[in-house]
Amino acid sequence: MSTSDHIICFIDGSNLFGHLTDTFGSGKVHLPKLCHVLSGPERQLLEWRYYAAPIPQGATIEERQRYAGQQRFFAFVQRHRKGVLRLGRFQRDSNGKLHEKGVDVLLAVDMVRLAAENKYDTAVVLSGDADLVPAVEAVRLLYQKRVEVALPDVEAYHLRQAAGVFHEITASMFRTLHLG
């Protein structure tokens, strides 16, 4: 690592939120600050990219409040000078249950495309989704980019192995960055 090491954080929003909530009881953290902490003082954070699917507005007060909160957060990402928002979608299955679609594909394609365009030296992936392994392997093997995974101490075995570098989001780090 050197001072010329340029970082992009790739954040799988629902995956990270779920892991943080399971581990710390809340998924709300200051993402730009988290990315700066993970980048460290010797490296330059170029941008943080947030991948998610917009939840449906819903009919109940709780659903509308959750929708409004997510829209406020999306606006924050878009206003932040280093934030990039990329959206997938939700799709209902035959039982009416919603499933996030296209989010991991967007993240994977962006990670590979930006590596091919030589836009970063190191990708920091905030996700435990094993579906990202082929993209991580391509970035490392084809473009000789460094890939790091950052999560609370959860399994994510396959992604951690593919990346080779793991940063644990610790309880003390979470407390410092928690938005509660």
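Among Q65, Q44, Q144, which one shows the highest mean-square fluctuation when the chain is modelled as a Gaussian network with alpha-carbon springs under 10 Å?
The residue that fluctuates most here is Q65.
Out of G164, G128, G27, any idea which swings most in a Gaussian network model of the chain, alpha carbons joined below 10 Å?
In the Gaussian network model the winner is G164.
Indicate, rounded to the nearest 5 percent, the antiparallel portion of the DSSP beta bridges found entirely in the range 43-109.
Working: 4 of 9 bridges.
Beta bridges within the range 43-109, antiparallel portion: roughly 45 percent.
Can you compute the helix-only [θ] at 222 nm over the chain? Use -39500 (n - 2.57) per DSSP H run of at least 4 residues, normalise by all residues, nearest 500 deg cm²/dmol.
Counting only the DSSP helices, I get -13500 deg cm²/dmol.
Charges at C-beta only: +1 for Lys and Arg, -1 for Asp and Glu. How large is the resulting dipole of the range 6-177 about its Cα centre, in Debye rounded to 20?
Computed about the Cα centre, the dipole is about 680 debye.
When a footprinting reagent is the concern and you count Cβ atoms within 10 Å, what order do T122, T176 take, fewest first?
Fewest to most other Cβ atoms nearby, the residues stand as T176, T122.
Among K82/K119; K101/K145; K28/K145; K33/K97; K33/K101, which pairs are too far apart, with a Cα-Cα distance over 24 Å?
Result: K101/K145; K28/K145; K33/K97; K33/K101 exceed 24 Å.
Tell me which label goes with the value of P(r) over Cα pairs in 10 Å bins from 0, in percent computed from the coordinates here: (1) 10, 30, 27, 20, 10, 2, 0; (2) 10, 40, 38, 11, 0; (3) 9, 37, 38, 13, 2, 0.
(3)
If the elastic network links every pair of Cα atoms under 10 Å, which of N95, N118, N15 fluctuates the most in the Gaussian network model of the chain?
Most flexible of the set in this elastic network: N95.
Read the figures in this text as sums done on the coordinates, not as results from a lab. Remember, it's a predicted structure, so these values are computed and weren't measured experimentally. Counting neighbours? That spans all protein chains shown, and the Cβs are built from the backbone with ideal geometry, glycine included.
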